[in-house]
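Asker: Below are the structure tokens for one structure; questions will follow.
The values are calculated or read from the model by the stated rules, or taken from the named source; none is laboratory data. Just so it is clear, the structure is predicted and the values come from calculations on it, not from any experiment. No Cβ is skipped: glycine too gets one built from the backbone with ideal geometry, and neighbour counts run over all protein chains shown.
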Amino acid sequence: MTDQGTPVPVDGFRAVAIDADWPESRQFMGSGYNRVTGDIHVHLWFGSASHDPEVEHVIVFSASSGNAKAREALEDALEDYCYPDEGLPAGLPASEPVTVTADGEPVTFELWRNSSTPYWVARGRVGSTEVVLSGSGTEPGELRLVRVNDLSAYSAPIASLPAREAISVAMGSDLQATPSRQLQVEEADTALRTLRDIAARNAALGGPGRELHGEEADTTMRALRHIAQNAGPAGQLGAES
């Protein structure tokens, strides 16, 4: 987040997502809000829980109208997805139109492909929200997009949970400050998976005695703290308040 504290609601902006029929993981990847300029953006991932770019997935970047981050997101996506070994050509390369369903209506997006990669990138507008899509394994013309203002159903690393809730409030969501019991269970599961992954990596690299340093140590402590805060006397998650 650009500024400290909970953002105030931003008129007109809604994050764009893939509709509820998407079969894979739905994850919050990050956001930003500048209280001075009113610029806001949200980054969502739809695909494997491990963020594997080799399997079917779509990344959806939403930005408020006129936000310079939308242009940056498009250039980054083109360089990563369409021109990974060539570098982005001077100026935007030629695109082709593609029709995407958004809020039940057909919307024309610009589409970029590169015959040497299986990936694609698209840019368009849904309402007042500027949207950059990138992905593979599915055709952009088959996507059904919707606007959302509550991101509580999107999984996120523990450190990103405050930003996820704050950005929902900035979009006008009536999200409760205290997460539901189901959400607590999901977040605790994420913490436990993080610990298991670190333990497995430690065993592979140097056995259980290898010390944790830097980011690994911070991640482990956040996970342990989260589990402790949400556990009852017998190790069960606390009841919903």
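Residues checked against (1) modelled with pLDDT of 85 or more; (2) loosely packed, with under 15 Cβ neighbours inside 10 Å; (3) of a type in the set (V, I, T):
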residue	(1), (2), (3)
M1	no, no, no
V8	no, yes, yes
G12	no, yes, no
N34	yes, no, no
E54	no, yes, no
I59	yes, no, yes
K69	yes, no, no
E75	yes, yes, no
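Asker: Which of (1) over 14 Å from V132 (Cβ atoms); (2) under 16 Å from the mean Cα position of the chain (by Cα) does D103 not meet, given it meets every other one?
Answerer: (2)
Asker: Here's a follow-up. Among the candidates A153, A170, which residue alone is touching a residue at least 40 places away in the same chain (Cβ under 8 Å), farther than 15 Å from F61 by Cα and surrounded by fewer than 18 Cβ atoms within 10 Å (Cβ to Cβ)?
Answerer: A153
Asker: Any residue in the range 38-55 that's closer than 23 Å to D150 by Cβ: show its pairings with residues that are among the basic types (K, R) at Cβ separation under 8 Å, as long as the two are six or more apart or on different chains.
Answerer: Filtered contacts from the range 38-55: D39/K69; H41/K69; L44/R26; W45/R26; F46/R26.
Asker: Please pick out the residue among V121, V146, V132, V98 that is surrounded by 14 or more Cβ atoms within 10 Å (Cβ to Cβ), aliphatic (A, V, I, L, M), outside any loop (DSSP other than H, G, I, E, B) and in contact with a Cys (Cβ under 7 Å, 6 or more places away or on another chain).
Answerer: One residue alone meets the criteria, V121.
Asker: Give the range 14-44 a look and list any residue that's under 14 Å from A63 (Cα atoms), in a strand (DSSP E or B) and touching a Lys or Arg at 6+ places or on another chain (Cβ under 8 Å), or say none.
Answerer: Of everything in the range 14-44, those that are under 14 Å from A63 (Cα atoms), in a strand (DSSP E or B) and touching a Lys or Arg at 6+ places or on another chain (Cβ under 8 Å) turn out to be A15, V16, A17, S31, G32, H41, L44.
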